[in-house]
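Read the structure below first, then the notes.
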């Protein structure tokens, strides 16, 4: 019953939003769904396996550039979607393995710093790999990327279903929604599997886990690669949606924001992570409105909204860890862990 | 050959700064086994405070050397207070929490510090007043500027002072005991909370000085300047063997030299495929390399997991 | 060639382990027979737990060899040791504290099962079937150690004695040929010790050899078929409880006769 109501709500939401608030707000919904996907991916790494990845956006970038380069006039390649998305996921996972192999056998915090570094390095490469051979087109980025297309259906154009007009942003909404629902089902299955149990055990006590026969390094690597492939997949969707990618989209701030979503919502709990992602992707829009409010009330913008946004994210991370480390909607085991 | 020597000097200058910052990471890590992600931001705050003070004082007609001295002291005071506050507010309450918690607060704090700095000093690049006369010594075709000389000498003095502090004083003894085994140190009457606080204070003081040096060396300061520098200094600490003071110094110097030489020669080595804009990548490559081949670092001893 | 000297389950030869300047193990050589309960005793600091950690791959020894069922045992690789058939418990109980009792034991089945990520993602028939067998076996094991009614509880809410039992169940879930128990009776009263003794005997009867560290000499002498005595990182005596009890070297180690 409740499920039915939720399904109807999700179905009509984009149309209602579009009618009431316009395309812009449906776009915000699209991005919210994309962030949910990213947060669910990072949740496998941070929430399930207890590994801190501070450069998650790097995998997002790898997926996005993979799509951009294989489906744009830049190299004049135009791969189909069914090949593009797996390619991005696979490439991102390979980067994850490359990065995780040397670090995951060591103390957990090395991974944090290495991923932090990787997140920056990947941007340096994207920015500079335009000379002498132009691979990434440097700071200008890659544009005119092929829109997402499922068989004969391009999601990059308006469709008509009976008398109903379906704008592009609504097409995208439904594609991303399917992606998110799929990711939720897969996350749940992983969590309650032999592998998910092994991750939880490693998070609880690595030495005891190893003594029970768990190959801890490989299992952590698996979690890391799984998370990376989620990131790569989302990156592909992002590129196809935007039609344009540039290094500027993949900053440390994005990584921090995704981490913030996972932490705020509740590490390890799917509902919490979804809530966190939706809240934090819609909140900045509210803050943007706050910028206008400052203008109206105080005559000038005292605090730059984007600045304020990051400041609040940073504060949220600190305060959540100090006051409510299990997040808004905690996972059962996490709550005990953090208050035990 | 001249390029080589010149890059070597540049590398040693940069390396001295890395070493000062690396000491902060390594001291905290040695005792708490925590990467203090906010350390780079402390350095940034130090640099920007000094910058503001120098501008203010020289504006009032103070002589430059005096203004610099006051600025460095002010930066140290601010940073030490900041370090103390960070430890107290963000890390101490989480000392018994799972490992992930302090790592997350650390990254959160680092973002907060950056954004607060952006609010105070703006997002642009602030130019650091030229406080030392632009004189230089030319020696065998190699140019050593006054600022380079000052950085190298000052860093060496500070590091020597730190070694004396750690090896010869009661505080240093207590720090070493706490690093060895906090529980036992506490039983022996060491106030470990106080020692940990001191560790943050000293590390932050070093970061303040390093911050002023970087800003003076490059002539600019910015609210993001601590990030990459922190990452590199951490790499230096890992390279030398994290938790080991001499290792941090050695690692810092080595990393500075590798980076300078790398930036100088990467074009030649790769047939101009990679240019010096990749210099920030070197530190990262070194970090990965060390973790793969020698995770305990050059001078570190193998850490034992307590069962 | 026939597997040589199959009469021994485990043979340790010249195991040495140093921590800095401290020689924790100084060439330990000992042999365990199959289907026996062996007690590892010795004064505090004799190296018993260190030997356990070397045996189970948590420490890599500086020297020496370990043969298990006639084959060399991988050193410093705990997961491989478990796969070969040696499972352990810990002196200071190390359960997966925030997971359920049942889940703890299910983790123990990991090494004997195969389902991977793809199986989990697509919920293949094989994976679901395997998951059922894991659950069934875990329940059996909880019954076996006598905490069958506690399966849904969170591990660290169990009583101390039950936590020890759960640790044994988790170890048994790996289908070990040798079960290594580090002070399993610590903190138990006489009645609990007696019941634990019964459980350990039953484990042996069901085909798993047991090696255990214990301080209560009287209890060990009653329970064990064989005793090995460690002192200053060396194995100074091996044999039946009677023989060991009368060994002058053992008496000296424990009473310190002639130590002054």
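Once you sort the root eigenvalues of the Cα gyration tensor of the stretch C:8-146 as a ≥ b ≥ c, which label holds: rounded (a/c under 1.5), prolate (a/b larger than b/c) or oblate (the other case)?
prolate
Working from the alpha-carbon coordinates of the stretch B:186-226, get Rg over Rh, Rh being the Kirkwood radius.
Dividing the radius of gyration by the Kirkwood radius yields 1.28.
Would you mind checking the stretch B:2-19 for residues with the amide N under 20 Å from a putative spin-label position 7 Å along Cα→C-beta of residue B:154?
B:9-19
What per residue convex hull volume, in Å³, do the alpha-carbon atoms of the stretch C:120-167 yield?
84
Ratio to report: Rg/Rh of the stretch B:76-131, with Cα atoms as the point set and Rh obtained by the Kirkwood method; give two decimals.
Taking Rg over the Kirkwood Rh, I get 1.11.
Shielding of C:119-125 by partners, i.e. mean partner chain Cβ atoms within 10 Å per residue?
For this peptide, the per-residue mean of nearby foreign Cβ atoms is 4.
Any chance you could tell me what percent of the C-alpha pair distances in the stretch B:232-293 go past 16 Å?
Every Cα pair in the stretch B:232-293 considered, those over 16 Å come to 44 percent.
Using just the alpha carbons, could you tell me how many Å³ per residue the convex hull of the stretch B:2-293 encloses?
143
Taking chain A as a Gaussian network, where each spring joins two C-alpha atoms under 10 Å apart, which residue of A:205, A:296, A:53 fluctuates the most?
Taking springs between Cα atoms under 10 Å, the residue moving most is A:296.
Would you calculate the separation in nanometres between label points at residue B:132 and residue A:319, each defined as 7 Å from the Cα along the Cα-to-beta-carbon direction?
4.4
For chain C, set up a Gaussian network in which alpha carbons nearer than 10 Å are linked by springs, and say which option among C:202, C:60, C:114 fluctuates the most.
C:114
Considering just Cα atoms, how many Å³ per residue does the convex hull of the stretch C:96-175 enclose?
It is 83 Å³ per residue.
Give me the extension gain from residue A:296 to residue A:154: residue separation times 0.36 nm, minus the current Cα-Cα distance, reported in nm with one decimal.
46.9 nm
Of all DSSP beta bridges in the protein assembly as shown, what percent run antiparallel (nearest 5)?
In the protein assembly as shown, DSSP labels about 70 percent of beta bridges as antiparallel.
Mind checking Rg over Rh on chain C, alpha carbons, Kirkwood formula for Rh?
When Rh is taken as the Kirkwood radius, the ratio is 0.99.
Please build a GNM for chain B, connecting alpha carbons under 10 Å apart, and tell me which residue among B:40, B:264, B:189 fluctuates the most.
Among B:40, B:264, B:189, the largest mean-square fluctuation in the Gaussian network model of chain B belongs to B:189.
Rounded to the nearest 500, what is the protein assembly as shown's calculated 222 nm mean residue ellipticity when only DSSP H runs of at least 4 contribute -39500 (n - 2.57) each, over all residues?
After summing the helix terms and dividing by residue count, I get -20500 deg cm²/dmol.
Assuming 0.36 nm per residue, please report the length gained on full extension of the stretch residue C:60 to residue C:29 beyond their Cα-Cα distance.
Additional length available on full extension: 9.6 nm.
For the modelled label position 7 Å from the Cα of residue B:77 along Cα-to-Cβ, which residues of the stretch B:23-52 have backbone nitrogen atoms closer than 15 Å?
Only B:46, B:49-52 fall inside the zone, counting backbone N under 15 Å.
By counting other Cβ atoms within 10 Å of each Cβ, how are B:125, B:278 ranked from fewest to most?
If I rank by nearby Cβ atoms, fewest first, I get B:125, B:278.
If you count, for every residue in A:318-327, the Cβ atoms of partner chains within 10 Å of its Cβ, what is the mean?
5
What number, in percent, do you get for the relative contact order of chain A if the mean sequence gap of Cα pairs under 8 Å and at least 6 apart is divided by its residue count?
Relative CO of chain A lands at 29 percent.
May I ask for the distance between the Cα centers of the stretch B:2-77 and the stretch B:132-152, given as a whole number of Å?
19
Where a ≥ b ≥ c are the square roots of the eigenvalues of the C-alpha gyration tensor, would you call chain A rounded, which needs a/c under 1.5, or, failing that, prolate if a/b is larger than b/c, or oblate?
It comes out rounded by the Cα gyration axes.
For chain C, take the longest principal axis of its alpha carbons; what is the angle in degrees between that and the long axis of helix C:125-145, to the nearest 10 within 0 to 90?
So the inclination is approximately 50 degrees.
Order the peptides C:160-171, B:10-21 from the highest to the lowest mean number of other Cβ atoms within 10 Å of their residues.
Order by mean packing, descending: B:10-21, C:160-171.
Taking the protein assembly as shown on its own, what percent of its Cα-Cα pair distances exceed 40 Å?
Across the protein assembly as shown, Cα pairs with separations above 40 Å total 47 percent.
How crowded by other chains is C:95-102, given as the mean number of beta carbons from other chains within 10 Å of each beta carbon?
Mean partner-chain Cβ count within 10 Å for C:95-102: 6.
Mind jotting down the distance between the C-alpha centroids of the stretch A:1-53 and the stretch C:150-188, whole Å?
The two parts, judged by their Cα centres, are 43 Å apart.
Given axes a ≥ b ≥ c from the Cα gyration tensor, I'd like to know whether the stretch B:68-213 is rounded (a/c under 1.5), prolate (a/b larger than b/c) or oblate.
It comes out oblate by the Cα gyration axes.
Using the alpha-carbon atoms, what tilt in degrees (0 to 90, nearest 10) does helix C:190-205 show relative to the longest principal axis of chain C?
80
Could you please state, rounded to a whole Å, how far the C-alpha centre of the stretch A:142-218 is from the C-alpha centre of the stretch A:62-131?
17
Any read-out appearing in this document is the output of simple, stated calculations on the displayed coordinates, not a laboratory observation. Everything quoted here is computed from the prediction, not taken from an experiment. No Cβ is skipped: glycine too gets one built from the backbone with ideal geometry, and neighbour counts run over all protein chains shown.
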